[in-house]
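Computed from the coordinates by the stated procedures, all read-outs in this text should not be read as laboratory data. A quick note: this is a predicted structure, and the numbers were derived from the prediction, not measured. Note: ideal-geometry Cβ built from the backbone for every residue, glycine included; neighbour counts use all protein chains shown.
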């Protein structure tokens, strides 16, 4: 597939930089003047999305301190993530209909609009509305990051470009909490969103020059799984409402409605002809369902990070910057363990998948039990270490779960769909767990120590379910590894 534009955008037929007549395919060519703008857009879109996941967690204590709305704390993440799930379903359709330049331009402008709303928000309700808008733009940008590589760059650079785009998740993990912490420490959380606004506008301005304006292919006309998405959104909303209604019977009713809506989502997926997840997920005897449930269990643990900066500041007396870095400890463990895990043999990969939920659950339980008001410095260091161990559990398994998904069928096309749906599963898990976490925190009532323990132990119960699903997901003969990065 190739695409052309009036601005001489590179296609797969373009003649690349060469050494002795052969394409170099190296990093120097990828970052050369010819492709630098295109690569900046592809990487920048994913980096904006990834940073936003961690950026806001570090800012939230400062935001609540200024505009209030602490009972909506978890809604800020849930609203962003559910909007991203919906937008991710539209990526192929938007790209096929509008072309790369217009699709990316729209994504950046929608994201920028959300950032502007956040920067100007006088209340938590308006901030949440801005996060919905940001999620729509961010979900589109994250999906386009991989989809546009084929039309924006020559084939011999696809591998390195995909690696660069994947690496942006690690960049977001490391830079997001630190940058958010800096703005929080300066007491300028609104400036943080202003910075995101400026970066999004700059990247939007680059798209018309750097990316193909034509679609380069036929638009995706397949139906959108509207019923499944509506049920999933309503379920996340019900879980979120359970954190704001009066405690007691109202909370139980909201949680029960959320569970029923999730069950209705599964029924709609099984019976429907149009689904969020691949058809193989619901085929009897196929391990794909267990693979996705393992991914969901592992990703549930990640949502602890949304609240770690709050606990670090209020229980450990940390500055916003240090609390933000503490919040990144789990993701740092994820990234570093993944670098080690990618070299495992097929048999070792199976063992890693099975060990992962144990490490994650153990780390979260230890973190919960170690919570203490006025925690001294050495105890805070132990918090960071056990969070790192929890994240390492995720990193051990994650590169191999896409291998397991692709190996769930002998059909290469279906295998590719199965692997691609891991990202959708990840976002769904984030959104639902974030909503549930808000309710768990409320159960601690006036004691933040109790809230921290209940919330973390509650999430640990979800991750513990992955111990069983990991075993079911890895039954059978190990396959040769083909990895997917964070």
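Would you mind computing the Rg to Rh ratio of the chain from its alpha-carbon coordinates, Kirkwood style for Rh? Could you put the intermediate results ahead of the total?
Numbers: Rg = 21.8 Å, Rh = 22.8 Å.
With Rg and the Kirkwood Rh in hand, the quotient comes to 0.96.
Which percent of the Cα-Cα distances in the range 246-301 go past 19 Å?
Numbers: 700 of 1540 pairs.
Everything past 19 Å amounts to 45 percent.
Take each of the peptides 190-203, 383-396, average the number of other beta-carbon atoms within 10 Å over its residues, and list them starting from the highest.
Working: 190-203: 19.2, 383-396: 24.5.
Those peptides, ordered most packed to least, come out 383-396, 190-203.
Average projected area of the Cα convex hull of the range 349-395, in nm²? Please list the in-between numbers first.
Working: hull surface 12.0 nm².
For the Cα atoms of the range 349-395, the hull's average projected area reads 3.0 nm².
For the range 114-212, rounded, prolate or oblate, judged on the Cα gyration tensor with a ≥ b ≥ c (square roots of eigenvalues), a/c < 1.5 rounded, else prolate if a/b > b/c? All intermediate terms of the calculation are to be shown ahead of the outcome.
On the way: a/c = 2.47, a/b = 1.82, b/c = 1.35.
Prolate, since a/c reaches 1.5 and a/b exceeds b/c.
Only residues of the range 173-189 count here: report those whose backbone N is under 17 Å from the spot 7 Å along Cα→Cβ of residue 319, or say none.
177-189
Please compute, for the alpha-carbon atoms of the range 397-459, the extent along each of the three principal axes and give them in descending order in Å.
Here the Cα extents, ordered largest to smallest, are 54, 18, 12 Å.
So what are the range 218-320's ellipsoid semi-axes, whole angstrom, largest first, if each one is the square root of 5 times an eigenvalue of the alpha-carbon gyration tensor? Display every interim value, and only then the final one.
Values: eigenvalues 210, 77, 42 Å².
Gyration-tensor ellipsoid for the range 218-320: 32, 20, 14 Å.
Could you give the nm distance between label points at residue 382 and residue 355, where each point is 7 Å from its Cα heading toward the beta carbon?
2.4 nm
With r defined as the distance between the Cβ atoms of residue 190 and residue 70 and R0 fixed at 22 Å, what FRET efficiency is calculated, to the nearest 0.05?
Numbers: r = 18 Å, r/R0 = 0.83.
It comes to 0.75.
P(r) tail for the range 43-180, what percent of Cα pairs lie past 17 Å? Walk me through the intermediate numbers first.
On the way: 5610 of 9453 pairs.
Percentage above 17 Å: 59.
In degrees from 0 to 90, rounded to the nearest 10, what is the angle of the helix 249-271 Cα long axis to the longest principal axis of the chain?
30 degrees
Just check the range 282-358 against the gyration tensor rule for me: Cα atoms, a ≥ b ≥ c as the square roots of the eigenvalues, rounded for a/c under 1.5, and otherwise prolate or oblate depending on whether a/b exceeds b/c.
Working: a/c = 4.14, a/b = 1.96, b/c = 2.12.
The shape class here is oblate.
When the distances between all Cα atoms of the range 338-486 are binned every 5 Å from zero, what whole-number percent does each bin get?
The calculated distribution, bin by bin, is 2, 10, 15, 19, 19, 13, 9, 7, 4, 2, 1, 0.
For the range 157-273, what is one quarter of the convex hull surface built on the Cα atoms, given in nm²?
Values: hull surface 50.8 nm².
Answer in nm², one decimal: 12.7.
So how do 400, 350, 156 line up by other beta-carbon neighbours within 10 Å, fewest first?
Values: 400 30, 350 23, 156 16.
Ascending Cβ contact count within 10 Å gives the list 156, 350, 400.
Roughly how tilted is helix 226-241, in degrees to the nearest 10 and between 0 and 90, from the longest Cα axis of the chain?
30 degrees
Would you compute, from DSSP H runs of 4+ residues alone, the mean residue ellipticity of the chain at 222 nm, taking -39500 (n - 2.57) per run and dividing by the full residue count, rounded to the nearest 500? Show your work: numbers first, answer last.
On the way: 19 runs with 354 residues, N = 486.
Helix-only estimate at 222 nm: -25000 deg cm²/dmol.
Given contacts defined as C-alpha pairs under 8 Å and at least six residues apart, what's the relative contact order of the range 323-442, whole-number percent? Display every interim value, and only then the final one.
Numbers: 119 pairs, mean separation 41.0, N = 120.
34 percent.
Å³ per residue of the Cα convex hull, for the range 81-145? Present the calculation step by step, with values, prior to reporting the outcome.
Values: hull volume 4.0 nm³, N = 65.
Convex hull of Cα atoms, per residue: 61 Å³.
Sort 304-311, 268-275 by the packing proxy (mean of other Cβ within 10 Å over each peptide's residues), most packed first.
On the way: 304-311: 26.2, 268-275: 14.2.
So the peptides 304-311, 268-275, ranked by packing, come out 304-311, 268-275.
If one puts a single equal scatterer on every Cα of the range 250-399 and applies the Debye formula without solvent, what log₁₀ I(q)/I(0) results at q = 0.09, 0.13, 0.15 Å⁻¹?
-0.39, -0.74, -0.90
Neighbour counts of other C-beta atoms within 10 Å: give me 89, 455 arranged from fewest to most. Write out the running numbers ahead of the final one.
Working: 89 17, 455 27.
Going from least to most buried by this count: 89, 455.
Normalised by the number of residues in the chain, what is the relative contact order in percent for Cα pairs under 8 Å and 6+ residues apart?
Numbers: 905 pairs, mean separation 100.7, N = 486.
Relative contact order, the chain: 21 percent.
Can you tell me the 0 to 90 degree angle between the C-alpha axis of helix 100-120 and the longest principal axis of the chain, rounded to 10?
Helix 100-120 sits at roughly 30 degrees to that axis.
What order, most packed first, do the peptides 96-105, 33-42 have when packing is the mean number of other Cβ atoms within 10 Å of each residue?
Numbers: 96-105: 22.1, 33-42: 19.8.
The packing order, highest mean first, is 96-105, 33-42.
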